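Structure record follows, encoded as structure tokens.
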Amino acid sequence: MILPEQDISVAEAEPNPMLSLLNDEQKQAVLATQGPLLVLAGAGTGKTRVLTTRIAHILLTKLAWPGEILAVTFTNKAAREMADRVSSLTGASQSLWMGTFHSIGAKIIRRHAEKLGLTSSFTILDEDDQLRLIKAILAEKNIDDKSLPPKLFLAIIQSWKDQGLTPAKVNNPGDTQAASGHAVSVYKAYQDRLRQLNATDFGDLILHMLTLFTEHQDVLQEYAKRFKYILVDEYQDTNVSQYLWLRLLASYHKNICCVGDDDQSIYSWRGAEVGNILRFERDYPDAKVVRLECNYRSTPHILAAASALIANNRGRLGKTLWTPVTEGDKIHLKSVWDEGEEARYVGEEVEQLQRKGTDLKQMAILVRAGFQTRAFEERFLTLGVPYRVIGGLRFYERAEIRDAVAYLRVIASPSDDLAFERIINTPKRGIGQATMQQLHTTARAINNSLYHATVHLLQTGALKGKLGQALDKFIQGCERWRSQIGVLPVSEITELVLEESGYRHMWQQEKSPEAAGRLENLKELARAIGEFENIGAFLEHVSLVTEAAGNNDSNDMVSLMTLHAAKGLEFDVIFLPGWEEGVFPHQRALDESGTKGLEEERRLAYVGITRARKRLFISHAANRRIYNQWQSSIPSRFIAEIPQEHVDKISGGLYNAPKPTQRAWQDEVASIMSASSKPAASEAKFSKGTRIFHQKFGYGRIQSVSGDHLEIEFEKAGHKKVLADFVEKA
């Protein structure tokens, strides 16, 4: 146990002009320089200013030298911003220990590598190298990497490292049985192999520091004494391993300042533990807690809505945001029929705001899941509104979509060699470089495509064994799917391809965090293709969309991103679409984590709301199409948790005129949630047998009416399901 030296006396601080720029709470956080400090910094309350001013104050009052301060954050961008600000205030950032958890870890480990069985020149493996290493270990242990893929083991190992568990410390019965009981032995072999290679992975950069500090007290003494002041940004995002490391370092001086917001803890899926910030006062009984609640970003209605919503979470320390601003729009709430109408509504609002002088770069659409971006991307392309996808690829540029589209391209055109090469070994069919060379040589010899070269080699018996069987199965599948063109709807053909090719199963077996999102994107693709008459029309659309997106070089663009990617950003105008049960809160979060998952989803809603500076639009659809089947949706429970006095319900949806009490408002939302969708006016306007005209499909006659959905037999286009808004009486 480390015994502290005599307390450091605080010199009388000289008048500091920087302090005049802070409000009272911010000033408290800067001046509380002795002992543990927790700064609960709500969204938009100036936490970065507090952190940098606190460092500058410590230096200028000579409480510590630059090398005696440790400042840790999560991203290189945040570390650079903090360093620049401190440098502009004091000129001393170069000698500070300031950086990410991993960069600080690498620096310390290189200094003491020999104590960990490494040399100072160790390498840090990326994910591809990690997976190759695990795959080799599985082969040595005769573990089938198809039923137990390397990514499964990598995810388990990373989870254990996030919890500070070395192979010897994994003893929980649930953990020891992971991956059919193989995970622990693979973990041990993996760590042994890393040492032989003089390598680490990113998880080791924290885990090795824990080992270093717990097994070598002299090393712990050195750093715990060195760092008189420790400052941690985004403390709510720390995992168990990072939490333990910080506690060890703070065990001597105890001058640890953690800045964070328990209401913005949204990364549990990558190891973040909100309990770290919630237990701070138990860990440090003499801790001072300062709440930063004055928001300099958003309007009163936006902040009141966010505060009321998050107050429904039990696992929080509690704070209420407020603003000195006295004016601002209420939150615009809109109910729509389906995602198509939602995209049209958002597009119209974007165009109106742009005409009134709001730059496109000051608008953002935040979605819960990546598949939701497609409808907005296509709407913006139709309108000619420039947009960017932040933190991810555009819908048709995503790997799983490009793969699925490549299958459709080969079905539509067997001569498409580029598409053929993309999918011939996706999922794995044992096709190696030698086989591809054989196919190319044959294609040149017979002056035909790779597809026809494969058929030729199969017919001549040149491809035998498992390889021949795999390629024969692939070719037969393509022929079978091609034979269904004109027989089955294109959406059903797409479903057949994804299922029978094994492509969907490949992602279902994938254990990475991204796999579920990729499966959702494939569902959205099958839904999207149902809007087209045939595969050719869809492929032409994809080509045009991709070309149009690539030709846009404007800097003034609407931003599209997930709610997770939006943390730390702010815009004048925010659109929050898809606020329906099952979409947001996401059903998977509820199924896997119950109340804990619901509370994190609510924190995600809080993050979304507090990104808006001036205007906020929330929308939900009464219907969504899943697997090409229409399903009724009910509004998110989060809508009922927003006080009605802060909401402007836009006419034309499911909402009636504003009601006088919060209870009545909640009853109104509840009635919508419990009731099935009301018949639309189209039932009175259209009836079975009515002759209509559609701009794309021409003349036809209505076969049935269900709400706004019409089944029509067109004279030339055949049987279609369309929305009533797109047809008129002939």
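The values are calculated or read from the model by the stated rules, or taken from the named source; none is laboratory data. Note that the coordinates shown come from a computational prediction; the quantities given were computed from them, not determined experimentally. Because the Cβ atoms are built from the backbone with ideal geometry, glycine has one as well, and the counts that use them run over all protein chains shown. Only protein heavy atoms, including side chains, enter the accessible area calculation; ligands, DNA and RNA are left aside. Shrake-Rupley method; radii C 1.70, N 1.55, O 1.52, S 1.80 Å.
So for the pair D126, T382, with labels modelled 7 Å out along Cα→Cβ, what separation do we get in nm?
Reported label-point gap for D126 and T382 is 3.9 nm.
In segment 376-465, what percent of the accessible surface is made up of carbon and sulfur (1.4 Å probe, ligands and nucleic acids excluded)?
Here it works out to 49 percent.
Is the shape of segment 11-84 rounded, prolate or oblate, going by the alpha carbon gyration tensor and its root eigenvalues a ≥ b ≥ c, with a/c under 1.5 for rounded and a/b larger than b/c for prolate? Before the final figure, lay out the partial values.
On the way: a/c = 1.60, a/b = 1.16, b/c = 1.38.
Oblate is the answer for segment 11-84, as a/c is 1.5 or above yet b/c matches or exceeds a/b.
Could you tell me how many degrees, from 0 to 90 and to the nearest 10, lie between the Cα long axis of helix 300-310 and the main elongation axis, the longest principal axis, of the Cα atoms of the chain?
Here the helix axis deviates by roughly 90 degrees.
How much of R111 can a 1.4 Å solvent probe reach, expressed as accessible area in Å² and rounded to 10?
It works out to around 120 Å².
Can you compute 3J(HN,Hα) from phi for each residue in segment 154-161, using the Karplus curve 6.51 cos²θ - 1.76 cosθ + 1.60 with θ = phi - 60°, rounded to whole Hz and x for Gly and Pro?
With coefficients 6.51, -1.76 and 1.60, one gets 4, 5, 5, 4, 5, 4, 5, 5 Hz.
Counting only Cα atoms, I'd like the Rg/Rh figure for segment 283-419, Kirkwood definition for Rh.
1.13
Taking a label point 7 Å from the Cα of Q631 along the Cα→Cβ vector, which residues of segment 367-392 have an amide N closer than 18 Å to it?
368-375
Per DSSP H run of n ≥ 4, the term is -39500 (n - 2.57); total these for the chain, divide by its residue number, and report the mean residue ellipticity at 222 nm rounded to 500 deg cm²/dmol. Kindly include the intermediate steps, with their values, before the conclusion.
Details: 30 runs with 333 residues, N = 730.
My calculation for the chain gives -14000 deg cm²/dmol from helical runs alone.
How much of the accessible area of segment 477-523, in percent, comes from carbon and sulfur atoms when a 1.4 Å probe is used?
Its accessible area is 54 percent carbon and sulfur atoms.
Let me check something: with ligands and nucleic acids excluded, how do W337, W65, W160 order by accessible area (1.4 Å probe), largest to smallest?
Ranking W337, W65, W160 by accessible area, largest first, yields W65, W337, W160.
Which cross-chain or sequence-distant (5 or more) residues have an amide H under 5 Å from the amide H of L292, H modelled 1.01 Å from N in plane?
L40, A41, G42
Between beta-carbons, use under 11 Å as the cut-off and find the net charge around R429, counting Lys and Arg +1, Asp and Glu -1. Could the numbers behind the result be given before it?
Values: positive: K428, K466, K473; negative: D472.
Residues near R429 contribute +2 overall.
Quantify, in whole percent, the carbon and sulfur part of the accessible surface of segment 40-179 (1.4 Å probe; protein heavy atoms only).
50 percent
Specify the angular offset, from 0 to 90 degrees and rounded to the nearest 10, of the alpha carbon long axis of helix 535-550 from the longest principal axis of the alpha carbons in the chain.
On a 0 to 90 degree scale, this one is about 40.
Mind listing the long-range amide H neighbours of T690? Cut-off is under 5 Å, sequence gap 5 or more, other chains count too, H placed in the peptide plane at 1.01 Å from N.
Correct list: I702.
Packing-wise, with mean Cβ within 10 Å as the measure, how do 78-85, 582-589, 558-565 rank, highest first?
Most protected by this proxy first, the peptides run 558-565, 582-589, 78-85.
With axes computed from alpha carbons, what is the tilt in degrees of helix 101-111 against the longest principal axis of the chain, rounded to the nearest 10 within 0 to 90?
Between helix and principal axis, roughly 60 degrees.
Heavy-atom accessible area per residue, segment 15-111, 1.4 Å probe: how many Å²?
That works out to 41 Å² per residue.
Quick one: what does P(r) look like for segment 377-474 with 10 Å bins over all Cα pairs, in whole %?
Calculated P(r), rounded to whole percents: 14, 39, 24, 12, 10, 1.
Take the alpha carbon atoms of segment 447-513, find their center, do the same for segment 375-435, and report the distance between the two centers in whole angstrom.
16 Å
Shape call for segment 513-601 from the C-alpha gyration tensor, a ≥ b ≥ c root eigenvalues: rounded (a/c under 1.5), prolate (a/b greater than b/c) or oblate?
Oblate, because a/c is 1.5 or more while a/b does not exceed b/c.
What does the charge add up to near D84, with Lys and Arg as +1, Asp and Glu as -1, over the other residues with Cβ less than 14 Å from its Cβ?
Every neighbour counted, the sum reads +3.
Using only protein heavy atoms and a 1.4 Å probe, report how much of L604 is accessible, in Å² to the nearest 10.
Accessible area of L604: about 0 Å².
When DSSP assigns beta bridges and you keep just the ones with both residues in the chain, what percent turn out antiparallel, to the nearest 5?
35 percent
If Lys and Arg each add +1 and Asp and Glu each add -1, what is the summed charge of the other residues whose beta carbon sits under 10 Å from the beta carbon of H719?
Working: positive: K720, K721; negative: E711, E713.
Summing Lys and Arg as +1 and Asp and Glu as -1 gives 0.
Among the listed pairs K77/K330; K77/K228; K135/K161; K428/K721; K107/K135, which are separated by more than 27 Å between their Cα atoms? Present the calculation step by step, with values, prior to reporting the outcome.
Working: K77/K330 34 Å; K77/K228 25 Å; K135/K161 19 Å; K428/K721 37 Å; K107/K135 29 Å.
From K77/K330; K77/K228; K135/K161; K428/K721; K107/K135, over 27 Å: K77/K330; K428/K721; K107/K135.
Tell me which residues come under 5 Å, amide H to amide H, from M98 once H is placed; ignore anything under 5 positions away on its chain.
Those qualifying (amide H under 5 Å, at least 5 residues apart or on another chain) are A71.
Residue by residue, what Karplus-based ³J(HN,Hα) values in Hz, rounded to whole numbers, does segment 386-395 have, using 6.51, -1.76 and 1.60 with θ = phi - 60° and x for Gly and Pro?
x, 8, 10, 9, 9, x, x, 8, 4, 3
What shape does segment 82-167 take by its C-alpha gyration tensor, where a ≥ b ≥ c are the square roots of the eigenvalues and a/c under 1.5 counts as rounded, a/b above b/c as prolate, and the rest as oblate?
Since a/c reaches 1.5 and a/b is larger than b/c, the shape of segment 82-167 is classed as prolate.
Ordered by residue, what ³J(HN,Hα) values in Hz, to whole numbers, does segment 68-78 give under the Karplus form 6.51 cos²θ - 1.76 cosθ + 1.60, where θ = phi - 60° and Gly and Pro are x?
Residue by residue, segment 68-78 yields 9, 10, 10, 10, 10, 9, 9, 10, 4, 4, 5 Hz.
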